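Structure, as structure tokens:
The values are calculated or read from the model by the stated rules, or taken from the named source; none is laboratory data. Here the structure is a predicted model, which means the values were calculated and not measured. Methodologically, a virtual Cβ is constructed for each residue, glycine included, from the backbone with ideal geometry; neighbour enumeration extends over all protein chains shown. Just the protein is used for accessible areas: all its heavy atoms, side chains included, with ligands, DNA and RNA removed. Shrake-Rupley method; radii C 1.70, N 1.55, O 1.52, S 1.80 Å.
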Amino acid sequence: MREGRRDWAWLTVTLVASDLGAVLLAFWLAAVLVWRTGVGINGGNDSDWLVLAMVPVLGLIFFAQGLYEPANLLVGAREFAGVFRASAYGLLAITVITFVLRWPLSRSWTVASWALMTGLVIALRFGIRRVAAALRRRGRLTERAVIVGADEDSIALAEQVNQPGSGMRVVGILDDYIPTGTQLPGGLRVVGPSSSLMETTSRLQVHDAIIAPQALPWETLRELILVSATRANGLQVHLSAGFYDMLTAGVRFSERSHVPLLTLRKARLSPVERAVKAVLDRGLATVLLLGLSPVLLVMVAWQRRHAEPSLLDRRRVLGARGATFDLLSFHSSAPFDSNLLAKLPGLLNVLRGQLSLVGPRPLTEAETRTLPSMPLTTIQPGLTGPWRQAADPTEQATLDVYYVRSYSVWLDVAVLFERAMVRLRPFAKRCLDLAGATLLLLLSAPIVCACLAAVWIESGGPLIHRRRVIRRGGGTFDAFKIRTMVRDADRILREDESLRSAFSASNKLASDPRITRVGRWLRRLSLDEFPQLVNVLRGEMSLVGPRMITQAELPEWGASGRLLLSVRPGLTGLWQVSGRQLLSKAERIRLDAEYVRRMSLRLDLMILARTLLAVASGHGAY
């Protein structure tokens, strides 16, 4: 607990120093741009004292905007929106002070310093956020938490919160119906009843409590809310997402005959929000169309030359106020293979005002009949939006309402940034695959030739073993390996019951009699896997990914099978650098699922580096 507080204290000191440096640098750069080298408001150093006097004023404004409170840091766009507001208030403060003191104020310097200050503070804080994210993946800057109420949803919530880098770690669950000490799925344990919330959190040095309303009776929920609101012990109490987060974002207090009421607000934007959103939509749509126009021309020319039956698809969907329109998309993304490029004609719908870049999910009239609630038609639907985070239509509808209730221009920017990262990560990963596989193939060619010659001398052909495995999306392909077993290995396994039962337990045999003498050395040094670099170049595999499996192994993955089918299998992976064949089947599945959830270019590079060490040591290989 003390270490966590020390980490947050260091983060606060770093942010204060970063903001101070950014403000002073912004003032100096503004002076350089407007006049000459040196700081000053009216072009001379006689006003330096006034500039320096503004620093503590800006510091107070930054504190007042909550820019050093942990709740506003490291996640979401709230921190950056606060920086924008604080800079604007600082600009206003400078104007007022210089007016009161009757000091000449350069408008050019004021505007330049405000723009530079906003940009520099946001840029430095973004860099600090990336460093803090790396520390969180190592368990630093992480708060301990408990969950109140045990059911399937709260256990799933705990597993999601416990993902590395989340900034929170669930250390136990409070529940009135399950005995204290009971072990729950995911390594969780019941640490007491809900009535012991304050005592348990103090004993376990917990800073946060997450209440799962659906897992508690109303009386218990009311008591917990009252206790947490009136006890001054520093415990932060949260309600898990669902109905309640929509309620708090979309109600107002009213009164009828001295009866307090909560009145639900309609899920719609204000006139100002609609105007800002329209400017953002049309501006970005124009930039995207102009920037991608060469790609669009190539697609149109290609498809016309190859006599595509239809260039555009038109899907009739509901727009704002229930009006229908044709949502445009390319019939095919040829000659490219990209869902994103196929949706580019939708930008024309954005320019027409029928569609938004970010908004609720576009629905046809037929789709609206299957929803449990009415479609959200108070604003234009969006090409993307928070609804893309869910697959269930009901969850998508909930996210749509939450988006409108919580709308700000920063939310649109945050959604667009996240979607851009989602699109760029696979591209960056594919570039890494192509560059890495090409380099490794060139370097390993002599070694592979020597290995193939050794196999031929010992046992003849075939030299390459083809294993039929599952590819991304559910199809199959042949994964190539240098043959390390005798030619009739599959027949031996089928006929030997003891080997078959041992193999079914972990899909590996520690002392497999089917492996040849050369094959044992190839496996120990992982040289048999070099031909899979060809699979990587063909786009069937990735350098880093989950372990490739056969169609017969897929049921063993259970609910995690959907994660497996969303990415390419890998030549190496998290399981490879965490013990290789020494791991149980369940542990390998867990590590593969964890990799898919955490997948990033940084993680891939880390795994590749650790793979070299694992291969060199030979640990866990057989």
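Ordering 158-165, 420-427, 61-68, 548-555 by mean Cβ neighbour count within 10 Å, with the highest value first, yields 61-68, 158-165, 548-555, 420-427. Let a ≥ b ≥ c be the square roots of the eigenvalues of the Cα gyration tensor of segment 522-604; is it rounded (a/c under 1.5), or, if not, prolate (a/b larger than b/c) or oblate? Since a/c stays below 1.5, the shape of segment 522-604 is classed as rounded.
Give, in nm to one decimal, the length gained when the segment between residue 430 and residue 225 is fully stretched (0.36 nm per residue of separation minus the Cα-Cα distance). Additional length available on full extension: 68.9 nm. Per residue, the Cα convex hull of segment 86-144 amounts to 91 Å³. The largest accessible area among 166, 113 belongs to the first residue in 166, 113, and the rest follow in falling order (1.4 Å probe, all chains).
Heavy-atom accessible surface of residue 409, to the nearest 10 Å², is about 50 Å², with a 1.4 Å probe and all protein chains retained.
Only Cα sites of segment 186-237 enter the Debye sum here, all with the same form factor; the resulting log10 I(q)/I(0) across q = 0.16, 0.27 1/Å is -0.47, -1.26, listed in q order. Packing, as the average of other Cβ atoms within 10 Å across residues, places the peptides 455-462, 125-132 in the order 125-132, 455-462, highest first. For segment 320-420, a Kirkwood radius taken over Cα pairs fed into Stokes-Einstein (4 °C, viscosity 1.567 mPa s) yields D = 91 µm²/s.
Taking every protein chain into account, the 1.4 Å probe leaves residue 97 with about 50 Å² of accessible area, to the nearest ten.
Reducing segment 198-215 and segment 110-129 to their Cα centroids gives an inter-centroid distance of 38 Å. These residues, 124, 197, 226, go from largest to smallest accessible area, 1.4 Å probe, as 226, 124, 197.
Figure note: 387, 218, 109 ranked by solvent-accessible area, largest first, 1.4 Å probe, ligands and nucleic acids not counted: 218, 387, 109. Note on residue 417: accessible area is roughly 100 Å² with a 1.4 Å probe, heavy atoms of protein only.
Pairwise Cα distances in segment 383-431 exceed 15 Å for 52 percent of all pairs.
Net charge near residue 516, counting Lys/Arg +1 and Asp/Glu -1 over other residues with Cβ under 9 Å of its Cβ? Charge balance in the 9 Å sphere: +3.
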